[in-house]
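What follows is a set of notes on a single structure, which appears directly below.
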Amino acid sequence: MTARRLSLLAAACGVVYSALVRRSVLTWGATASEAASRLPGDELLEHATGVSTRAVDIDAPASAVWPWLAQMGPSPRGGAYTYDWIENLLRLDMHSVDRVLPEFQHPQVGATISLGANRMRLERVEPERVLAWRAEDGNWVWTFVLSERDGRTRLISRNRFRLLTLPARIGMVPMEPGSLVMERKMLLGIKERAERLASSAASRAAG
């Protein structure tokens, strides 16, 4: 196949992806209202050129969800609850744990972690409600928003990017499906851990 045909095929695939698939990739688990709404943390990066909003329902109170968010990050923190082997191919030093780490349960604005080349700083902390990280260069904000009702929690993960060049914007498109694979696993990993923690707490209270 010639380079011209490969280019045409790639362009056609891009059109199909953008028209039929991209929205569901960027909004897995989220309602149309959630995807369109302004959320806490959005103010940290106005005029984003890329946004994803993904969500999961968790059968546990926010108090059982928050610990896993509070301790996220590379070792010695709690990992990212996704595919560690993929994370560590990128040298992120992620080791997802199944226990609450007391030493990381009180995140403070100004704390930093490294995610590869990205140095992330905590910019907004509202326990059991909002946790927002911003990249040192200001071009990426990652926010978790929790909403509890009747003992169940809605967890929303929003990523906002400022992509400064056309090649950067084009290059982000093929990364989006990969980000869905990783973030879906992360959200389900948090869900599993939070529900197990809540169940254990209920058993202790009953016993």
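The values are calculated or read from the model by the stated rules, or taken from the named source; none is laboratory data. Source: prediction; values computed, not measured. So basically every Cβ, Gly included, is an ideal-geometry build from the backbone, and we count neighbours across all protein chains shown. The accessibility values were calculated without ligands, DNA or RNA, using every heavy atom of the protein model including side chains. Shrake-Rupley method; radii C 1.70, N 1.55, O 1.52, S 1.80 Å.
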**Request:** Could you tell me which numbered condition V21 fails, if it satisfies all but one of (1) β-branched (V, I, T); (2) over 16 Å from the mean Cα position of the chain (by Cα); (3) at pLDDT 90 or above?
**Result:** (3)
**Prompt:** Could you give every pair whose Cβ atoms fall below 6 Å, whose first residue belongs to segment 149-162 and is within 17 Å of S52 (Cβ to Cβ), and whose second residue is among the basic types (K, R), counting only separations of at least 6 or pairs across chains?
**Reply:** S157/R54
**Fill in**
Taking segment 125-145 and the residues there that are part of a strand (DSSP E or B) and open to solvent by 10 Å² or more (accessible area, probe 1.4 Å), the one that is farthest from A202 (Cα to Cα) would be W140
**Item:** Selected residue (criterion: most open to solvent (accessible area, probe 1.4 Å)) from residues of segment 152-207 that are among the β-branched types (V, I, T) and part of a helix (DSSP H, G or I)
**Value:** I170
**Filter pass, L115 being modelled with pLDDT under 95 and open to solvent by less than 30 Å² (accessible area, probe 1.4 Å)** = yes
**Prompt:** Which condition breaks for D98 when tested against (1) under 23 Å from T49 (Cβ atoms); (2) out of contact with any helix residue (DSSP H, G or I) (no Cβ under 6 Å at 6 or more places or on another chain); (3) in a loop (DSSP other than H, G, I, E, B)?
**Reply:** (1)
**Request:** Would you point out which residue out of L164, L115, L101 is under 24 Å from R38 (Cβ atoms) and aliphatic (A, V, I, L, M)?
**Result:** L164
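Taking segment 35-44 as the search range and keeping residues that are part of a helix (DSSP H, G or I) and touching a strand residue (DSSP E or B) at 6+ places or on another chain (Cβ under 6 Å), which one is farthest from I113 (Cα to Cα)? Let's see the steps before the verdict.
Taking segment 35-44 and keeping what is part of a helix (DSSP H, G or I), we get 35-36, 42-44.
Then keep just the ones that are touching a strand residue (DSSP E or B) at 6+ places or on another chain (Cβ under 6 Å); that gives 35, 44.
Working: A35: 27, L44: 18 Å.
It comes out as A35.
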**Message:** Quick check on segment 24-44: of everything there that is modelled with pLDDT of 95 or more and of a type in the set (S, T, Y), which residue is most open to solvent (accessible area, probe 1.4 Å)?
**Reply:** S33
**Request:** Please enumerate the residues belonging to segment 84-112 that are touching a residue at least 40 places away in the same chain (Cβ under 8 Å) and open to solvent by 80 Å² or more (accessible area, probe 1.4 Å).
**Result:** D98
**Request:** Can you tell me which residue within segment 45-83, out of those that are β-branched (V, I, T) and not in a loop (DSSP other than H, G, I, E, B), is surrounded by the fewest Cβ atoms within 10 Å (Cβ to Cβ)?
**Result:** V51
